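Structure record follows, encoded as structure tokens.
The values are calculated or read from the model by the stated rules, or taken from the named source; none is laboratory data. Just so we're clear, the structure is a prediction, and the values are computed from it rather than from any experiment. Glycine gets a Cβ as well: all are built from the backbone with ideal geometry, and neighbour counts include every protein chain shown. Only protein heavy atoms, including side chains, enter the accessible area calculation; ligands, DNA and RNA are left aside. Shrake-Rupley method; radii C 1.70, N 1.55, O 1.52, S 1.80 Å.
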Amino acid sequence: MRVKTAEHREFIDITGRVEELLPDGFSGAVMLYTPHTTAAVTVNEGFDPDVVTDMSNMLERLVPSDMPQLHAEGNSDAHSLSTLIGVSLLLPVCDGTLSLGRWQRIFFCEFDGPRSRKVSMTYLPGEHRDG
Amino acid sequence: MRVKTAEHREFIDITGRVEELLPDGFSGAVMLYTPHTTAAVTVNEGFDPDVVTDMSNMLERLVPSDMPQLHAEGNSDAHSLSTLIGVSLLLPVCDGTLSLGRWQRIFFCEFDGPRSRKVSMTYLPGEHRDG
Amino acid sequence: MRVKTAEHREFIDITGRVEELLPDGFSGAVMLYTPHTTAAVTVNEGFDPDVVTDMSNMLERLVPSDMPQLHAEGNSDAHSLSTLIGVSLLLPVCDGTLSLGRWQRIFFCEFDGPRSRKVSMTYLPGEHRDG
């Protein structure tokens, strides 16, 4: 999947696109993986856009865009956020549908945009059992 | 699995409950997934309770409960911690037993309690090989 | 896999060793899992060593080695970083080869070394489909 980002730091809801690509009847887990070193994937609330804005402000406070750095490209803040949030995300799938919580949405996290990004999907068959 | 939390922020050891639910003879990985946006799951030391207290204090320093925010519910700190630690955790299982390290325990992380929470388990068959 | 660390905090590129151990023709995902509570595994840029140095400095700012703590062993900073970055990492594998991005390398993260550490590998068969 291609994700076009528009801002330097940005959270883009890709839930609908992931849902569309799930094979009919598949059960187990889907791994979303982004092959970049200045981006990430996460799950969070997507209904009130203020949540993502607050999270962005919190991340800017933790890892400032202008943090002191040696790396000549000047984007070590983006590399750091990529490792803190993670490039690999595993999600449950039941009968061709994501088993997300009521308020959960999947976000692609851009930390050094705007760019054209990729997210790959790997389907791992498995079984759900509730205890 | 249901997890009842008692505090606003709390780490609850769920290792024993996960172990009990593992199917006999199963090998591969188990994904623990919590369908909430203000909680997480992690692995850490569970023998000295001071470790979890220190981690809680560190998280409060990083993402204060009273951090400035736009979100009307006032729990953006909990949303942020959920993304930093993660709602999805994959663990190795060998012949029906978790292959954790000697000091590792699994913790449910509550960041906006007290609440009644859920954790689902998905079994992904696989093979271990040591190199 | 054994990883010998030399520093108190250190990032060690283990990509080549992971690649070597992948079974011929295997497709799906490989889970790297480190059974320790003061270490982690992550993916990031490995070509300019300044990136890892900058990330180390950023982590030291977030979670100082001398952070105030109750834990008598005095390594709660390492426990905290282990939870923030994570002990479990899932990566895509296609036909016996890691499907990493052009700049991505796999790092073992030592936060309380020097020590002799372990990383286990679990192979989860699966299918890739691009959307």
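Among the helices (runs of 4 or more DSSP H) confined wholly to the stretch B:1-97, which include 3 or more residues that are farther than 20 Å from A:THR83 by Cα? Steps first, please.
Working: elements: B:15-21, B:49-62, B:76-85.
Because the criterion is at least 3 residues that are farther than 20 Å from A:THR83 by Cα, the helices (runs of 4 or more DSSP H) in the stretch B:1-97 that meet it are B:15-21, B:49-62.
If I ask for residues that are more than 9 Å from chain B (Cβ to nearest Cβ) and open to solvent by 60 Å² or more (accessible area, probe 1.4 Å), which ones from the stretch A:50-67 would you list? Show your work before the answer.
In the first step, residues of the stretch A:50-67 are kept if they are more than 9 Å from chain B (Cβ to nearest Cβ); the result is A:56, A:60, A:63-67.
A:GLU60, A:ASP66, listed by residue number.
Given (1) surrounded by 18 or more Cβ atoms within 10 Å (Cβ to Cβ); (2) of a type in the set (S, T, N, Q); (3) touching a Pro at 6+ places or on another chain (Cβ under 8 Å); (4) assigned to a helix (DSSP H, G or I), where does A:THR122 come up short, assuming only one miss?
For A:THR122, the failing item is (4).
If you take the residues in the stretch C:68-77 that are out of contact with any Pro (no Cβ under 7 Å at 6 or more places or on another chain) and surrounded by 15 or more Cβ atoms within 10 Å (Cβ to Cβ), which one is farthest from the other protein chains (Cβ to nearest Cβ)? Write out each step before concluding.
So in the stretch C:68-77, the residues out of contact with any Pro (no Cβ under 7 Å at 6 or more places or on another chain) come out as C:68-76.
Among the residues that remain, those that are also surrounded by 15 or more Cβ atoms within 10 Å (Cβ to Cβ) are: C:69, C:71, C:75-76.
Details: C:GLN69: 4, C:HIS71: 4, C:ASN75: 9, C:SER76: 4 Å.
Among those that are out of contact with any Pro (no Cβ under 7 Å at 6 or more places or on another chain) and surrounded by 15 or more Cβ atoms within 10 Å (Cβ to Cβ), it is C:ASN75.
Do you know which residues across the stretch C:84-131 are within 12 Å of chain A (Cβ to nearest Cβ) and more than 24 Å from B:GLY126 (Cβ to Cβ)?
Once the filter is applied, which keeps residues that are within 12 Å of chain A (Cβ to nearest Cβ) and more than 24 Å from B:GLY126 (Cβ to Cβ), the stretch C:84-131 yields C:LEU84, C:ARG102, C:TRP103, C:GLY131.
How many of the residues making up the stretch B:1-13 are within 20 Å of B:SER99 (Cα to Cα) and buried (at least 18 other Cβ atoms within 10 Å of the Cβ)?
Summing the residues that are within 20 Å of B:SER99 (Cα to Cα) and buried (at least 18 other Cβ atoms within 10 Å of the Cβ) in the stretch B:1-13 gives 1.
Determine whether B:SER80 is in contact with a helix residue (DSSP H, G or I) (Cβ under 6 Å, 6 or more places away or on another chain), open to solvent by 40 Å² or more (accessible area, probe 1.4 Å) and more than 9 Å from chain C (Cβ to nearest Cβ).
Working: in contact with a helix residue (DSSP H, G or I) (Cβ under 6 Å, 6 or more places away or on another chain): yes; open to solvent by 40 Å² or more (accessible area, probe 1.4 Å): no; more than 9 Å from chain C (Cβ to nearest Cβ): yes.
No, not satisfied.
Being open to solvent by less than 50 Å² (accessible area, probe 1.4 Å) and among the hydrophobic types (A, V, I, L, M, F, W, C) is the filter here, so list the residues in the stretch C:14-33 that pass it.
Listed by number, the residues that qualify are C:ILE14, C:VAL18, C:LEU22, C:PHE26, C:ALA29, C:VAL30, C:MET31, C:LEU32.
Any residue at all in the stretch A:34-42 that is modelled with pLDDT of 95 or more, more than 25 Å from B:MET31 (Cα to Cα) and either open to solvent by less than 10 Å² (accessible area, probe 1.4 Å) or away from chain C (no Cβ under 12 Å) (or both)?
Here is the first cut: in the stretch A:34-42, the ones modelled with pLDDT of 95 or more are A:34-42.
Checking the rest, the ones that are also more than 25 Å from B:MET31 (Cα to Cα) come to A:38.
Narrowing the set further to residues that are either open to solvent by less than 10 Å² (accessible area, probe 1.4 Å) or away from chain C (no Cβ under 12 Å) (or both) leaves A:38.
Yes: the stretch A:34-42 contains one or more residues that are modelled with pLDDT of 95 or more, more than 25 Å from B:MET31 (Cα to Cα) and either open to solvent by less than 10 Å² (accessible area, probe 1.4 Å) or away from chain C (no Cβ under 12 Å) (or both).
Quick test for you: out of A:SER76, A:SER27, A:SER82, A:SER99, pick the one residue that is among the small types (Gly, Ala, Ser) and either under 15 Å from the mean Cα position of the chain (by Cα) or closer than 23 Å to B:SER65 by Cα (or both). Can you show your working first?
On the way: A:SER76 fails: either under 15 Å from the mean Cα position of the chain (by Cα) or closer than 23 Å to B:SER65 by Cα (or both); A:SER27 fails: either under 15 Å from the mean Cα position of the chain (by Cα) or closer than 23 Å to B:SER65 by Cα (or both); A:SER99 fails: either under 15 Å from the mean Cα position of the chain (by Cα) or closer than 23 Å to B:SER65 by Cα (or both).
The unique qualifying residue is A:SER82.
Give just the number: which of (1) in contact with a His (Cβ under 6 Å, 6 or more places away or on another chain); (2) open to solvent by less than 10 Å² (accessible area, probe 1.4 Å); (3) not acidic (Asp, Glu) does A:GLY113 not satisfy?
Among (1) in contact with a His (Cβ under 6 Å, 6 or more places away or on another chain); (2) open to solvent by less than 10 Å² (accessible area, probe 1.4 Å); (3) not acidic (Asp, Glu), A:GLY113 violates only (2).
Got a number for residues in the stretch A:60-72 being free of Cβ contacts under 8 Å to residues at least 40 places away in the same chain and under 22 Å from A:VAL41 (Cβ atoms)? Full working, then the answer.
Step one: list which residues in the stretch A:60-72 are free of Cβ contacts under 8 Å to residues at least 40 places away in the same chain, which gives A:61-64, A:66-72.
Then keep just the ones that are under 22 Å from A:VAL41 (Cβ atoms); that gives A:61-63.
Total meeting the criteria: 3.
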